[in-house]
Amino acid sequence: MPRLVVTWLLAAALFAALAAAVLMSPAVSRVEQAATGQLAPGFALAPLDGVEPLSLEALRGRVVLLNFWATWCASCEAEMPAMERLARKLAADPFTLVAISVDEKASDVRAFRDRLAVGFPILHGDGGREAKRVATRYGTFRYPETFLIDAAGKLVARFVGPRDWDDDAY
């Protein structure tokens, strides 16, 4: 066989093996746990300016709007003021809006929060690494992405991309 054909065959076999490994990895099976109607994957992450982690379990009995975002995401920035208004509007209800930043630098997240006057909890964790693990468990890789979790901890809806959270539909 010509050398070039052998090289291409080896490359194709390596690609197929790599694809199979990714599809069978635990990370992919965890994504399935984030399906609508099932219990939302648990997490416990430190707030941006806190030491004590906030867990999804601690929010049981409350409706949770869980938003994954990043400071470099223009769509995330665009929807954040409406999310703040929604959090304030529903403050008296058993509702909590929680944002998880996947950024590496907490200083970037603090500057973003302060500039936009965000008052709801922003979780960040260990340099964004833990936040990225939680995002993976939810199958999130596009930002912003938001999940509505009912008071029993089940996923009700998944919103990919920005939303107008001022709309009466929400």
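The values are calculated or read from the model by the stated rules, or taken from the named source; none is laboratory data. Note that the structure is a prediction, hence the values are computed from the model and not measured. All Cβ positions, even for glycine, are placed from backbone atoms using ideal geometry, and neighbour counts span all protein chains on display. These accessible areas exclude ligands, DNA and RNA; they are computed on the full protein's heavy atoms, side chains included. Shrake-Rupley method; radii C 1.70, N 1.55, O 1.52, S 1.80 Å.
Some observations on this one:
- Scanning the stretch 130-165 for residues that are farther than 15 Å from ASN67 by Cβ, open to solvent by 10 Å² or more (accessible area, probe 1.4 Å) and more than 12 Å from the chain's Cα centre (by Cα) yields ASP150, ALA151, ALA152, LYS154.
- Check on ALA87, in contact with a Gly (Cβ under 9 Å, 6 or more places away or on another chain), small (Gly, Ala, Ser) and within 16 Å of ASP126 (Cα to Cα): no
- In the stretch 68-83 there is at least one residue that is closer than 22 Å to LEU39 by Cα, modelled with pLDDT of 95 or more, open to solvent by less than 70 Å² (accessible area, probe 1.4 Å) and outside any helix (DSSP H, G or I).
- Long-range neighbours under 6 Å by Cβ, at least six apart or interchain, first residue under 15 Å from ASP49 (Cβ atoms) within the stretch 112-137, second basic (Lys, Arg) and modelled with pLDDT of 95 or more: ILE122/ARG113
- Any hit, the stretch 39-48, residues being buried (at least 17 other Cβ atoms within 10 Å of the Cβ), farther than 19 Å from THR136 by Cβ and either touching a residue at least 40 places away in the same chain (Cβ under 8 Å) or within 15 Å of the chain's Cα centre (by Cα) (or both): yes
- In the stretch 100-156, the residues that are out of contact with any helix residue (DSSP H, G or I) (no Cβ under 8 Å at 6 or more places or on another chain), in a helix (DSSP H, G or I) and of a type in the set (A, V, I, L, M, F, W, C): ALA106, VAL109, ALA111, ALA131, VAL134, ALA135
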